[in-house]
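Colleague: Quick one: the structure is below, and I'll ask about it shortly.
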Amino acid sequence: MRPPAPLPLQFSWPLTERAARIDRWKGDAGTIGGRWSFDLLSGEMVWERGIYELFGFPADARITRRSAADCYVGESRAAMEQLRAHAIMHCRGFTLDVEIAPASGAPHHWMRLAAAPICSAKRAVRLEGVKHLLPLRCSTWG
């Protein structure tokens, strides 16, 4: 398997844009998704309830990074992993639309992922962001 081609830098953004891209995000009553965080040191993942629904996991499930990453389909996973690594290495945020195969076996759908690292002494220690369903790209959501 060859490595994915580099993604255009328009997917990556400076942390000064965090407020506009993540902090001000508010889902309405019909939005499927929510906020999330991942501690890079401990591996602890925290999701709001809507993300469990988006990924097809029961709300009380204990989710690992691997179980979540396994839901990303093909090129979407490669792109997410590449941008995640870039964000961690360079303390930059990113936004990407990705295809998800829910763990429940529900039909695939598209979501928007926005993430930004929390940095301490110029090192990323945590990733935080939002994930939400993109209904206009989703013809199979039940």
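Colleague: Does the range 35-44 hold any residues that are aliphatic (A, V, I, L, M) and either at pLDDT below 95 or exposed (fewer than 14 other Cβ atoms within 10 Å of the Cβ) (or both), and which are they?
Modeller: Passing the criteria: only 41.
Colleague: Can you run down the residue pairs with Cβ atoms below 6 Å, 6 or more apart or on separate chains, where the first is in the range 65-78 and farther than 19 Å from residue 45 by Cβ and the partner is surrounded by 12 or more Cβ atoms within 10 Å (Cβ to Cβ)?
Modeller: Qualifying pairs under 6 Å: 73/99; 73/101; 78/4.
Colleague: Still on this structure: From 106, 5, 87, 29, which residue is at pLDDT 95 or above and more than 22 Å from residue 119 (Cβ to Cβ)?
Modeller: Unique residue meeting the criteria: 106.
Colleague: Are any residues in the range 45-88 loosely packed, with under 12 Cβ neighbours inside 10 Å, within 17 Å of residue 35 (Cβ to Cβ) and among the hydrophobic types (A, V, I, L, M, F, W, C), and if so, which ones?
Modeller: 59
Colleague: So which pairs qualify, if the first residue must be in the range 49-62 and on the phi > 0 side of the Ramachandran plot, the second must be surrounded by 11 or more Cβ atoms within 10 Å (Cβ to Cβ) and part of a loop (DSSP other than H, G, I, E, B), the Cβ gap must be under 7 Å, and the two must be at least 6 apart or on different chains?
Modeller: Filtered contacts from the range 49-62: 56/102; 56/103; 56/104; 56/106.
Colleague: May I ask you to list the residues in the range 59-76 that are within 21 Å of residue 126 (Cα to Cα), in contact with a strand residue (DSSP E or B) (Cβ under 8 Å, 6 or more places away or on another chain), part of a helix (DSSP H, G or I) and not aliphatic (A, V, I, L, M)?
Modeller: The answer is 65, and nothing else.
Colleague: Please determine whether any residue of the range 95-103 is in contact (Cβ under 8 Å) with a residue 40 or more places away in the chain, more than 24 Å from residue 14 (Cα to Cα) and in contact with a strand residue (DSSP E or B) (Cβ under 7 Å, 6 or more places away or on another chain).
Modeller: Among the residues of the range 95-103, at least one is in contact (Cβ under 8 Å) with a residue 40 or more places away in the chain, more than 24 Å from residue 14 (Cα to Cα) and in contact with a strand residue (DSSP E or B) (Cβ under 7 Å, 6 or more places away or on another chain), which makes the answer yes.
Colleague: For the range 117-142, how many residues are aliphatic (A, V, I, L, M), over 15 Å from residue 47 (Cα atoms) and at pLDDT 95 or above? Explain how you work it out, then say what you get.
Modeller: Step one: list which residues in the range 117-142 are aliphatic (A, V, I, L, M), which gives 118, 121, 124-125, 127, 130, 133-134, 136.
With over 15 Å from residue 47 (Cα atoms) added as a condition, the list becomes 118, 121, 124-125, 134, 136.
Now narrow it down to the ones that are at pLDDT 95 or above: 118, 124-125.
Of the residues in that region, 3 qualify.
For every residue, the table says whether it meets (1) part of a loop (DSSP other than H, G, I, E, B); (2) out of contact with any helix residue (DSSP H, G or I) (no Cβ under 9 Å at 6 or more places or on another chain); (3) over 19 Å from residue 16 (Cα atoms); (4) not polar (S, T, N, Q).
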{"site": "43", "(1), (2), (3), (4)": "yes, no, yes, yes"}
{"site": "96", "(1), (2), (3), (4)": "no, no, no, yes"}
{"site": "114", "(1), (2), (3), (4)": "no, no, no, yes"}
{"site": "125", "(1), (2), (3), (4)": "no, yes, no, yes"}
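Colleague: Only one of 61, 85, 124, 106 is of a type in the set (A, V, I, L, M) and closer than 15 Å to residue 11 by Cβ; which?
Modeller: Numbers: 61 fails: closer than 15 Å to residue 11 by Cβ; 124 fails: closer than 15 Å to residue 11 by Cβ; 106 fails: closer than 15 Å to residue 11 by Cβ.
85 is the lone residue from the list that is of a type in the set (A, V, I, L, M) and closer than 15 Å to residue 11 by Cβ.
The values are calculated or read from the model by the stated rules, or taken from the named source; none is laboratory data. Just so it is clear, the model here is predicted, and its values are computed rather than measured. Cβ coordinates were reconstructed from backbone atoms using ideal geometry, including for glycine residues, and neighbour counts include every protein chain displayed.
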